[in-house]
Amino acid sequence: MLTAKTKSIQVLIADAQEIFRVGLRAILGEDRTLTVAGEAATVAQTLQEVGRLKPDVVVMDLRFPDGSGSETCRTIRQQCPDTRVLFLTSEAHEEAILSAIAVDANGYVLKGINTQGLIQAIHSVAGGQSILDTAITQPVLARMKSLSEYRPANPRPPLSSQQQRVLALVAEGKTNKEIAATMALSDKTVRNYVRYIFQKLQVSRRAQAAAHCVRYSLQENFKPPRTISL
């Protein structure tokens, strides 16, 4: 329980859908332990508001019209290390979850979570914990276990700086089209890069490539995944 001297948790809501932001603001506004300090609908707005407000927790989606949530999370964690990031998303596939772990997100919950569960998740990440939605815990842990046991024949194959950058974007969960837009390349060039990287790493799935990138930190400042406390 908060006392008169206890500061409420300052929350920034970042989601492309206005109706979702309005609903979430109303829900969180009913809890006196939380204060919705602001909202953002794009990556640019999110970074601007984080810099201006210095919120305790950013509750954000993975998809924005002008960029990826994973990349935004990485920037937030680098520029505002005291701000925690909680992904609230509909994305339940393994590549998205791995990318969130790789960019040092503090929590990952699905939009089907109930109100009390979300409020508790915000408190948990604000308090320094890392959380993963129970709805995806078992399949993700099983997948993480299989990836942790994965050992490429050549553990550190030579990759050019351009290939390393493509691999890092794959690890963030970006599609080939998104990678092409980010790097100002054609879709065909990116497909060729990805195919060649997969051949070098001796992998067949994007999640395996992402695990390799996380394991060996091929990109500067690319952090390995932290242990998720459940």
Gyration tensor over alpha-carbon atoms, the range 9-140, equivalent ellipsoid semi-axes in Å: 19, 17, 14
Give me the distance in nm between label points sitting 7 Å out from Cα along the Cα-to-Cβ direction at residue 189 and residue 175, one decimal. 2.0 nm
On the first, second and third principal axes, largest extent first, how far apart are the outermost C-alpha atoms of the range 79-133 in Å? 27, 27, 14
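Taken together, the values in this text are just the output of simple stated rules run on the coordinates, not laboratory data. A quick note: this is a predicted structure, and the numbers were derived from the prediction, not measured. Note: ideal-geometry Cβ built from the backbone for every residue, glycine included; neighbour counts use all protein chains shown.
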